[in-house]
Structure formats: C-alpha cells, structure tokens
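What follows is calculated from the coordinates using simple rules that are stated; it is not laboratory data. Note that the structure is a prediction, hence the values are computed from the model and not measured. Cβ: placed from backbone, ideal geometry, glycine included. Neighbour counts: every protein chain shown.
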Amino acid sequence: MGRVLVLGGYGTFGARAAERLAREADLELVIAGRSSATAEACAARLAKIARGKITTAQIDAAALTAREIGALQPDVLLNASGPFQTQGYGVARAAIEAGVHYIDLADARAFVTGISALDQEARRAGVLVVAGASTVPALSAAVTDAHVSRFATLAAVTTVIAPANSFDPGLATAQAILGTVGQPIALPKGNASATGYGWQGLRRVTLPGLGRRWVGLVDVPDLDLFPHRYRGLRSVEVYAALEISAFHLALWGLSWLVRAGLMRSPVRLAAPLLAAKRASHWLGSETGGMTVTLEGSDKGGAPKRVVWYLVAGKSHGPYIPAIPPVILTKRLLAGSLSTRGAMPCSGLFTLEEFLAEVADLDIKAGLA
C-alpha cells in the first residue's frame with residue numbers, strides 16, 4: 001500500500017486531489033495542515049467514499065522538517081499549501097532529505113522555474129521533485145505537446161483560463177491573485193522581451209462553450225518554460241478571464257492604481273473582495289474552462305492556427321489543477337514514472353492521460 005501525505009489536504013485544490021486519490025484501494029492518505037480539526041473533518045468526509053485508509057496529521061508547512069516527514073513514512077508528499085509566491089523550497093528540501101517524492105500545485109513563475117536548483121540533491125536522493133503540477137504549466141504543456149506536431153514552425157502559444165463564478169478561491173488564492181495585480185510581467189517576444197502588467201492587456205474574446213469574456217494578463221511559468229521547450233516559439237501569453245465582467249474590470253482598475261503608484265498592493269483587500277464575491281455567488285454560472293491557441297505555419301509555409309478548448313460544468317473546474325498531481329502520484333506508486341531529479345511539470349504526462357483521469361467529471365475538451 002502506497003502512502004501519500006497531502007499537505008494542505010483540506011484546501012481548495014488539495015481537498016480535490018485527496019478526493020481523487022481516496023478512490024484508490026491500494027493507497028493510504030494522510031491529510032495534513034495547521035488545523036488538526038479541519039484535517040479530521042476532511043478525513044471524515046473522505047472516509048465515506050475512500051477505498052483505502054485515511055489518517056491525519058497536524059503540520060505547519062513553514063516549519064516542516066525531514067524528521068516529521070520521515071515519521072509519517074510517506075512515499076509521496078503532495079504539497080497544496082500555497083500560495084507559493086511567498087514560499088521558499090523548505091518543504092521540497094525536507095522531502096528530499098527524507099527520501100520522499102515531492103509534487104506541488106504551484107503556478108508561481110519564479111517558484112516553478114527555479115525548482116531545478118534542487119536537481120542534484122533530488123538525484124542523489126533518488127527522488128522526483130516536481131513543481132507546477134497544475135493547470136499551468138502542466139496541462140497547458142500537455143496540450144501544446146499534443147498538437148505541436150501539426151506545425152512546421154510554432155510561433156505563438158496563448159492560454160486563457162476562465163473560471164466559473166461559482167468557484168470559491170479561498171483567502172490564500174485570492175491574496176496570491178491580488179499580489180500580481182498591476183505588477184510588471186516579462187513577456188517573451190522573439191529574441192527580446194516586452195513588459196506587460198498583471199490584469200492589463202484588457203480585451204474582449206469569445207471562448208468556445210463559454211461565450212464572451214474580458215481577459216487580462218497573468219504571470220505564470222509558461223512565459224519562461226515554453227520558449228525553451230518549443231523551438232522557434234516567439235510569443236507566449238497567458239490570460240485570466242473572470243465570468244462576471246464587474247469583477248474582472250475591478251481588478252483591471254486596481255492594476256492601474258498599482259501601476260501608477262497610487263496603491264502599493266491590493267493584497268490587503270483580499271478578505272473584503274472575497275466576501276463580496278461569495279455574496280454574489282448566485283451571479284454567473286457553474287461553467288468554466290480554458291483555451292490554448294497555437295499559431296504558426298504548416299509544412300508548406302501557410303499560416304496555421306489550432307484552438308484547443310476545455311469546458312467544465314457543474315463546478316468541476318477546480319478539479320482541473322488538482323488532476324496533474326493525482327496522475328503523477330499514481331504513476332510513481334505504480335512504478336511507471338522512473339524520472340528522477342527536480343523539474344517543472346512539463347512533459348511528465350500526456351493530454352490523453354489527463355482526459356482519461358477526468359472522464360467521470362463534467363469536463364469536455366476538443367478542437368474548436
């Protein structure tokens with residue numbers, strides 16, 4: 001029986017990853033976090049559907065040691081204790097020292113791209129350390145990998161992430177989002193780079209299955225990883241698109257205040273803005289999704305464009321970032337993933353594997 005320690009296992013995404021893993025009969029889950037009461041409540045809910053064993057542990061990620069990890073004897077540590085924008089690699093290093101595989105759901109650009117600094121340590125310990133097993137860069141890379149062969153030259157990749165208004169991000173995620181509003185973003189443009197700003201680049205787009213939405217730039221690992229992964233790629237952009245226009249335009253307005261120096265950071269507004277969103281949960285719908293648009297030229301030199309889309313109904317959208325760590329965890333425990341070292345999550349699973357894992361959810365994907 002494999003044992004998986006889910007740090008932040010009762011949070012927005014950690015709980016969903018734990019729920020999916022709980023369906024495995026030969027797996028034991030340890031739901032961990034700073035609140036033992038919340039962990040126990042989560043474990044009690046999972047016990048109703050679990051095929052394996054569910055236990056809990058009280059752990060503060062900020063002070064976690066290899067000894068604490070070793071005492072629990074996990075095979076894999078799944079770190080969902082964001083936000084990662086303000087974290088170092090303490091948890092990953094403790095896992096390496098304990099000889100335990102490490103996977104996180106980070107989408108913080110510097111955190112994910114910098115994880116390779118632990119590569120030699122992870123190789124010496126014989127473990128796999130993966131950062132960014134989330135919607136970006138993991139799923140966006142799997143989509144691009146699946147369709148890049150259609151191009152002789154891939155010139156641009158544009159990703160749009162469009163959550164349903166029913167999605168409750170939680171305070172930590174809201175703080176992480178607000179921390180990027182109005183902040184400069186280095187965008188790859190050919191052999192140089194341009195500067196964008198968080199939640200700016202405002203424009204209106206039509207998303208398959210979702211209709212018209214405003215979009216705004218976000219700072220994610222793809223901006224650094226994709227130009228190195230795909231030869232000839234000249235432009236990478238990633239946008240977020242909130243379902244309720246008023247909420248999206250409010251963040252756009254805040255971005256200008258930050259950029260102009262009139263507001264130092266809107267992070268302090270996270271609690272009241274989240275409360276306003278929760279009070280307006282009846283607006284919008286339970287349907288969200290994403291698109292990945294690839295542009296370039298075919299073998300004859302003619303312009304080519306491929307638009308892949310995903311639509312998630314019934315508020316199943318938050319499962320999307322939780323699925324990549326589930327896939328990797330299951331493969332590690334099954335012995336079908338032999339890669340070792342520390343790396344961002346790109347190329348470690350296929351789009352087909354992802355779609356197979358979500359087949360029971362209200363998630364549809366294809367080419368527009």
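Fewest first, what order do Met290, Met1 take by the number of other Cβ atoms within 10 Å?
On the way: Met290 28, Met1 11.
Exposure proxy ranking, most exposed first: Met1, Met290.
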Within-11-Å neighbourhood charge of Tyr319 [Cβ basis; K, R +1; D, E -1]: -1
Determine, for Lys304, Lys314, the number of other Cβ atoms within 10 Å of each Cβ, and report the residues in order from fewest to most. Lys314, Lys304
Could you tell me how far the Cα centroid of region 236-263 sits from the Cα centroid of region 285-322, in Å? 22 Å
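Most exposed first by the Cβ proxy, i.e. fewest other Cβ within 10 Å, how do Trp308, Trp282, Trp256, Trp199 rank?
Working: Trp308 21, Trp282 7, Trp256 15, Trp199 34.
Ranked by crowding around the Cβ, least crowded first: Trp282, Trp256, Trp308, Trp199.
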Evaluate the distance, in nm, between pseudo-label points positioned 7 Å from the Cα of Trp282 and of Leu367 along their respective Cα→Cβ axes. 4.4 nm
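Gain in length, Ser149 to Arg264, computed as 0.36 nm per residue apart minus the alpha-carbon separation, to one decimal in nm? Intermediate values should be presented prior to the final figure.
Working: separation 115, 0.36 × 115 = 41.40 nm, distance 4.47 nm.
That pair, Ser149 and Arg264, stretches by 36.9 nm at full extension.
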Between the Cα axis of helix 36-47 and the main Cα principal axis of the chain, the angle (0 to 90°, nearest 10) is 90 degrees
Neighbour net charge for Gly347 - beta-carbon separation under 11 angstrom, K R +1, D E -1: 0
Lysines within cross-link reach of Lys53: Cα-Cα under 29 Å, excluding same-chain residues under 8 positions apart? Lys314, Lys330
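Using unit Cβ charges (K, R positive; D, E negative) and no other charged atoms, how large, in debye to the nearest 20, is the dipole of the chain about its Cα centre? Please list the in-between numbers first.
Numbers: 36 positive and 28 negative charges, 133 e Å.
Around 640 debye, computed over the chain.
State whether region 273-368 is rounded, prolate or oblate according to the following rule on the C-alpha gyration tensor (a ≥ b ≥ c being the square roots of its eigenvalues): a/c under 1.5 gives rounded; otherwise a/b larger than b/c gives prolate, and the remaining case gives oblate.
Note, shape of region 273-368 comes out oblate.
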Excluding residues fewer than 8 places away in the same chain, name every one of the aspartates and glutamates whose C-alpha is closer than 18 Å to that of Lys189. Asp219, Asp222, Asp224, Glu237, Glu295
For region 136-312, report the translational diffusion coefficient in µm²/s to the nearest whole number, using Stokes-Einstein at 20 °C, 1.002 mPa s, and a Kirkwood Rh over Cα pairs. 126 µm²/s
All other residues with a Cβ under 12 Å from the Cβ of Ile96 taken together, and with Lys, Arg as +1 and Asp, Glu as -1, what is their net charge? +1
